[in-house]
């Protein structure tokens, strides 16, 4: 495999063993607990999913962050003031979100891969989709058993204006690490979200080669397998 300078690592399903389909329902229910005195569930879900879809649909303009775009859309769909939305979601992610740790655990082989990559002096980036704020990203990293300090750049709602699989997302990560896209290897388990990194010149590795493989037919990964397989391909010590 080509020698890269930087490795971009997806979080959910790559470094963190979590079944998102099981996690989403309990998370939304717990989240609604911070809004139930002002919104009915239908209105809350409309704001939550409408806001998330808005920031995933296209990059933000004029320097607006994903967080600002989400709050603006949530406000327009529910009538709540942005300040109130921000305060209530902040309380949820700081106080309630950590109680959902039972849904996530370290991914097999992730710690050894990280250790080898650090030893071989790769620049590392946490290539998670920035539809969560900083507090939630750091909390999920804690569930994975990986320290945030090892990453040169971590995207979250507050510091990003784009999402996967937009080209702007991958370019922003390369810029954040101060490397060119051709020096990057994107590693993730979702073909639809992670393989489009190749469109900006990044190498791609599909973890397990399963999830999303039938969802995107026009892009093939440069390689696929487990994190252990990737470590061997890269010659990690």
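The values are calculated or read from the model by the stated rules, or taken from the named source; none is laboratory data. Only a predicted model underlies this, so the values are computations on that prediction, with no experimental measurement involved. Ideal geometry is used to build each Cβ from the backbone, glycine not excepted, and the neighbour counts take in all protein chains shown.
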Run down 181, 148 and say which single residue is modelled with pLDDT of 95 or more and surrounded by fewer than 18 Cβ atoms within 10 Å (Cβ to Cβ). 148
For a quick check of your reading of the model, give me the residue pairs whose first member lies in segment 101-123 and is under 11 Å from residue 150 (Cα atoms), whose second is surrounded by fewer than 13 Cβ atoms within 10 Å (Cβ to Cβ), with beta-carbon atoms closer than 6 Å and at least 6 apart or on different chains. none
Helices (runs of 4 or more DSSP H) within segment 133-237 that include 1 or more residues closer than 24 Å to residue 70 by Cβ: 134-144, 167-177, 191-194
Given (1) at pLDDT 95 or above; (2) more than 13 Å from residue 7 (Cα to Cα); (3) in contact with a helix residue (DSSP H, G or I) (Cβ under 8 Å, 6 or more places away or on another chain), index of the condition residue 213 fails: (1)
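Residue-wise test of (1) within 16 Å of the chain's Cα centre (by Cα); (2) closer than 15 Å to residue 10 by Cα.
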residue: 173; (1), (2): yes, yes
residue: 176; (1), (2): yes, no
residue: 186; (1), (2): yes, yes
residue: 190; (1), (2): yes, yes
residue: 199; (1), (2): no, no
residue: 203; (1), (2): no, yes
Looking only at segment 188-212, which residues are under 20 Å from residue 123 (Cβ atoms) and surrounded by fewer than 24 Cβ atoms within 10 Å (Cβ to Cβ)? 198, 200, 201, 203, 204
Kindly evaluate residue 168 against the criterion of being in contact (Cβ under 8 Å) with a residue 40 or more places away in the chain and closer than 25 Å to residue 28 by Cα. no
Only helices (runs of 4 or more DSSP H) wholly contained in segment 21-125 count here; list those with 1 or more residues that are touching a helix residue (DSSP H, G or I) at 6+ places or on another chain (Cβ under 7 Å), modelled with pLDDT of 95 or more and outside the structural domain of residue 180 (by TED's automatic domain parsing). 41-57, 66-78, 82-91
